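Just below is one structure, and these are the notes that go with it.
The values are calculated or read from the model by the stated rules, or taken from the named source; none is laboratory data. All of these numbers come straight from a predicted model, not from anything done at the bench. Here the Cβ positions follow ideal geometry from the backbone for every residue, glycine too, while neighbour counts run over all protein chains shown. Just the protein is used for accessible areas: all its heavy atoms, side chains included, with ligands, DNA and RNA removed. Shrake-Rupley method; radii C 1.70, N 1.55, O 1.52, S 1.80 Å.
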Amino acid sequence: MATTTPAGRASAEELNYPPGSLVLLAGLPGAGKSTLLDRLYGLRGDERGPVRAGEAWVIDSRQSRNWWARYLGPIPPRIRTPIVHATHVSRIARAVVRGHGVVAHTRGTWPHILYGFAWLARGVGSEVHLIMLDVEPEIARAGQLSRGRVVTASGFARHCRRWRVLIERARGGALPPAAGVTVLDRPASDLLRAIRFDGPRGGEPDGRQEGERDGR
(Lines give C-alpha, C1' and ligand atoms only; values in the text may rest on other atoms or scores of the structure.)
Protein backbone atom coordinates (compact mmCIF):
# COMPACT_ATOMS: atom_id res chain seq x y z
CA MET A 1 0.00 0.00 0.00
CA ALA A 2 1.14 3.54 -0.73
CA THR A 3 -0.21 6.46 1.26
CA THR A 4 0.42 10.00 0.07
CA THR A 5 -0.26 13.18 2.03
CA PRO A 6 0.37 16.19 -0.09
CA ALA A 7 3.61 14.88 -1.52
CA GLY A 8 4.28 13.89 -5.07
CA ARG A 9 2.77 10.61 -6.21
CA ALA A 10 2.08 10.97 -9.92
CA SER A 11 1.68 7.22 -10.52
CA ALA A 12 2.41 3.88 -8.88
CA GLU A 13 5.91 3.98 -10.36
CA GLU A 14 6.92 7.63 -10.10
CA LEU A 15 7.18 10.38 -7.50
CA ASN A 16 7.40 14.01 -8.64
CA TYR A 17 8.64 16.91 -6.50
CA PRO A 18 9.22 20.62 -7.10
CA PRO A 19 12.66 21.52 -8.48
CA GLY A 20 15.25 22.04 -5.76
CA SER A 21 13.37 20.00 -3.14
CA LEU A 22 15.07 17.93 -0.48
CA VAL A 23 13.58 14.43 -0.51
CA LEU A 24 14.49 12.42 2.60
CA LEU A 25 14.24 8.65 2.45
CA ALA A 26 13.39 7.45 5.96
CA GLY A 27 12.81 4.13 7.66
CA LEU A 28 13.97 1.77 10.36
CA PRO A 29 17.58 0.56 10.16
CA GLY A 30 17.50 -2.27 7.63
CA ALA A 31 14.22 -1.16 6.03
CA GLY A 32 15.82 -0.97 2.57
CA LYS A 33 16.68 2.72 2.12
CA SER A 34 20.13 2.14 0.61
CA THR A 35 18.80 -0.78 -1.43
CA LEU A 36 16.17 1.49 -2.98
CA LEU A 37 18.77 4.15 -3.80
CA ASP A 38 20.99 1.50 -5.36
CA ARG A 39 18.17 0.32 -7.59
CA LEU A 40 16.94 3.77 -8.63
CA TYR A 41 20.35 5.34 -9.23
CA GLY A 42 22.72 2.47 -9.94
CA LEU A 43 24.82 3.03 -6.83
CA ARG A 44 27.45 0.38 -6.14
CA GLY A 45 27.81 1.02 -2.42
CA ASP A 46 31.50 1.93 -2.60
CA GLU A 47 31.03 5.64 -3.41
CA ARG A 48 32.76 8.11 -1.09
CA GLY A 49 30.87 11.25 -2.10
CA PRO A 50 27.43 12.40 -3.33
CA VAL A 51 26.45 11.15 -6.79
CA ARG A 52 24.91 13.35 -9.48
CA ALA A 53 21.90 11.70 -11.11
CA GLY A 54 20.16 13.90 -13.66
CA GLU A 55 18.56 16.83 -11.87
CA ALA A 56 19.44 15.64 -8.37
CA TRP A 57 22.26 14.76 -6.04
CA VAL A 58 21.95 11.38 -4.33
CA ILE A 59 23.43 11.32 -0.83
CA ASP A 60 23.63 8.06 1.11
CA SER A 61 25.19 7.79 4.56
CA ARG A 62 27.38 4.96 3.21
CA GLN A 63 29.25 7.57 1.17
CA SER A 64 30.41 9.35 4.32
CA ARG A 65 31.14 6.05 6.06
CA ASN A 66 33.27 4.94 3.10
CA TRP A 67 35.12 8.27 3.03
CA TRP A 68 36.04 8.01 6.72
CA ALA A 69 36.83 4.26 6.67
CA ARG A 70 40.50 4.80 5.83
CA TYR A 71 40.93 7.13 8.80
CA LEU A 72 38.55 5.81 11.46
CA GLY A 73 38.76 2.05 11.01
CA PRO A 74 40.20 1.21 14.47
CA ILE A 75 38.04 3.79 16.31
CA PRO A 76 35.09 2.36 18.34
CA PRO A 77 31.64 2.76 16.71
CA ARG A 78 30.38 5.02 19.51
CA ILE A 79 32.97 7.59 18.38
CA ARG A 80 33.01 6.81 14.67
CA THR A 81 29.24 6.94 14.12
CA PRO A 82 28.69 10.58 15.22
CA ILE A 83 31.56 11.72 12.97
CA VAL A 84 30.15 9.88 9.97
CA HIS A 85 26.65 11.18 10.68
CA ALA A 86 27.85 14.79 11.00
CA THR A 87 29.61 14.49 7.64
CA HIS A 88 26.50 13.05 6.02
CA VAL A 89 24.27 15.83 7.39
CA SER A 90 26.73 18.53 6.31
CA ARG A 91 26.81 17.16 2.77
CA ILE A 92 23.01 17.29 2.56
CA ALA A 93 22.99 20.82 3.98
CA ARG A 94 25.55 22.07 1.44
CA ALA A 95 23.58 20.65 -1.48
CA VAL A 96 20.34 22.24 -0.22
CA VAL A 97 21.98 25.65 0.25
CA ARG A 98 23.30 25.48 -3.31
CA GLY A 99 19.74 24.99 -4.58
CA HIS A 100 20.12 21.42 -5.83
CA GLY A 101 17.41 18.80 -5.83
CA VAL A 102 18.51 16.18 -3.32
CA VAL A 103 17.49 12.60 -2.56
CA ALA A 104 19.06 11.59 0.73
CA HIS A 105 19.10 8.70 3.17
CA THR A 106 18.22 9.86 6.68
CA ARG A 107 17.86 8.45 10.16
CA GLY A 108 14.11 8.48 9.83
CA THR A 109 13.30 8.06 13.50
CA TRP A 110 15.07 11.25 14.58
CA PRO A 111 12.45 14.04 14.19
CA HIS A 112 14.87 16.84 15.06
CA ILE A 113 16.75 16.10 11.84
CA LEU A 114 13.57 16.79 9.86
CA TYR A 115 13.01 20.10 11.64
CA GLY A 116 16.58 21.19 11.03
CA PHE A 117 16.49 20.44 7.32
CA ALA A 118 13.06 22.06 6.95
CA TRP A 119 14.40 25.27 8.52
CA LEU A 120 17.38 25.22 6.17
CA ALA A 121 15.23 24.55 3.09
CA ARG A 122 12.85 27.40 3.91
CA GLY A 123 15.82 29.72 4.07
CA VAL A 124 16.61 29.07 0.40
CA GLY A 125 12.99 28.94 -0.77
CA SER A 126 12.83 25.16 -0.98
CA GLU A 127 10.77 22.33 0.55
CA VAL A 128 11.40 19.10 2.42
CA HIS A 129 9.47 15.96 1.47
CA LEU A 130 9.58 12.53 3.11
CA ILE A 131 9.44 9.07 1.60
CA MET A 132 8.86 6.68 4.49
CA LEU A 133 9.61 2.98 4.00
CA ASP A 134 7.28 1.27 6.43
CA VAL A 135 8.28 -2.36 6.96
CA GLU A 136 7.75 -4.71 9.88
CA PRO A 137 10.53 -4.66 12.50
CA GLU A 138 11.30 -8.32 11.74
CA ILE A 139 11.94 -7.46 8.09
CA ALA A 140 14.14 -4.52 9.07
CA ARG A 141 16.09 -6.74 11.45
CA ALA A 142 16.66 -9.27 8.67
CA GLY A 143 17.86 -6.42 6.47
CA GLN A 144 20.44 -5.47 9.08
CA LEU A 145 21.71 -9.05 9.22
CA SER A 146 21.98 -9.26 5.44
CA ARG A 147 24.17 -6.15 5.27
CA GLY A 148 26.29 -7.18 8.26
CA ARG A 149 25.55 -4.06 10.30
CA VAL A 150 23.25 -4.90 13.19
CA VAL A 151 21.89 -2.24 15.55
CA THR A 152 21.93 -3.21 19.23
CA ALA A 153 18.66 -4.60 20.59
CA SER A 154 18.11 -1.60 22.85
CA GLY A 155 18.95 0.86 20.08
CA PHE A 156 16.64 -0.86 17.63
CA ALA A 157 13.82 -0.85 20.19
CA ARG A 158 14.19 2.94 20.52
CA HIS A 159 14.08 3.31 16.74
CA CYS A 160 10.90 1.22 16.62
CA ARG A 161 9.16 3.29 19.30
CA ARG A 162 9.96 6.57 17.56
CA TRP A 163 9.02 5.14 14.18
CA ARG A 164 5.57 4.05 15.34
CA VAL A 165 4.80 7.60 16.45
CA LEU A 166 6.00 9.13 13.18
CA ILE A 167 4.24 6.64 10.92
CA GLU A 168 0.93 7.04 12.74
CA ARG A 169 1.14 10.81 12.29
CA ALA A 170 2.03 10.43 8.62
CA ARG A 171 -0.82 8.04 7.90
CA GLY A 172 -3.12 10.39 9.80
CA GLY A 173 -2.62 13.09 7.21
CA ALA A 174 0.52 15.13 7.90
CA LEU A 175 3.95 15.18 9.42
CA PRO A 176 5.03 18.79 9.92
CA PRO A 177 7.34 20.38 9.02
CA ALA A 178 7.56 18.23 5.87
CA ALA A 179 5.69 19.72 2.91
CA GLY A 180 4.54 16.23 1.97
CA VAL A 181 4.87 12.61 3.00
CA THR A 182 4.67 9.41 0.99
CA VAL A 183 4.46 6.14 2.94
CA LEU A 184 5.50 3.01 1.04
CA ASP A 185 5.31 -0.56 2.24
CA ARG A 186 7.66 -3.12 0.67
CA PRO A 187 5.46 -4.00 -2.35
CA ALA A 188 4.87 -0.31 -3.14
CA SER A 189 8.58 0.39 -2.73
CA ASP A 190 9.38 -2.39 -5.19
CA LEU A 191 7.09 -0.73 -7.75
CA LEU A 192 8.85 2.64 -7.56
CA ARG A 193 10.95 3.34 -10.64
CA ALA A 194 11.75 7.06 -10.54
CA ILE A 195 11.96 10.15 -8.33
CA ARG A 196 11.73 13.32 -10.41
CA PHE A 197 12.01 17.03 -9.74
CA ASP A 198 9.55 18.52 -12.19
CA GLY A 199 6.38 18.70 -10.09
CA PRO A 200 4.41 21.80 -9.06
CA ARG A 201 5.06 23.61 -5.79
CA GLY A 202 2.25 23.81 -3.27
CA GLY A 203 -0.36 21.87 -5.25
CA GLU A 204 -1.45 18.49 -6.50
CA PRO A 205 1.06 16.81 -8.83
CA ASP A 206 0.06 16.02 -12.40
CA GLY A 207 -1.60 12.68 -12.91
CA ARG A 208 -2.46 12.02 -9.28
CA GLN A 209 -5.91 10.82 -8.34
CA GLU A 210 -7.64 12.26 -5.32
CA GLY A 211 -8.15 8.81 -3.78
CA GLU A 212 -4.40 8.28 -3.52
CA ARG A 213 -4.20 10.88 -0.76
CA ASP A 214 -5.38 8.41 1.86
CA GLY A 215 -4.51 5.13 0.16
CA ARG A 216 -7.98 4.37 -1.25
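Brief remarks follow.
- The stretch 11-107: projected area of the alpha-carbon convex hull, averaged over directions, in nm²: 6.7 nm²
- Degrees separating the helix 77-97 axis from the principal Cα axis of the chain, which is the longest one: 40 degrees
- Residue 38-residue 78 pseudo-label distance in nm [points 7 Å out on the Cα-to-Cβ vector]: 3.1 nm
- Binning the C-alpha pair distances of the chain at 5 Å intervals from 0 yields a P(r) profile of 1, 7, 16, 20, 22, 18, 10, 4, 1, 0, 0 %, listed from the shortest bin outward.
- The GluC sites (Glu not before Pro) of the stretch 51-155 that meet both conditions, a loop assignment by DSSP and at most 14 other Cβ atoms within 10 Å of the site Cβ, are 55.
- The portion of the accessible surface of the chain made up by carbon and sulfur, rounded to a whole percent, is 56 (1.4 Å probe; DNA, RNA and ligands excluded).
- Of the trypsin sites (Lys or Arg not before Pro) found in the stretch 73-131, the ones in coil according to DSSP and having at most 14 other Cβ atoms within 10 Å of their Cβ are 98.
- Chain lengthening between residue 158 and residue 69 when straightened (0.36 nm per residue, less Cα-Cα): 29.4 nm
- Residues of the stretch 15-196: accessible area per residue with a 1.4 Å probe, Å²: 46 Å²
- Among 84, 96, 165, the largest mean-square fluctuation in a Gaussian network model of the chain (Cα springs under 10 Å) belongs to 165.
- Between residue 151 and residue 124, the contour length at 0.36 nm per residue exceeds the Cα-Cα span by 6.2 nm.
- Largest GNM mean-square fluctuation among 134, 190, 198, using the chain with Cα springs under 10 Å: 190.
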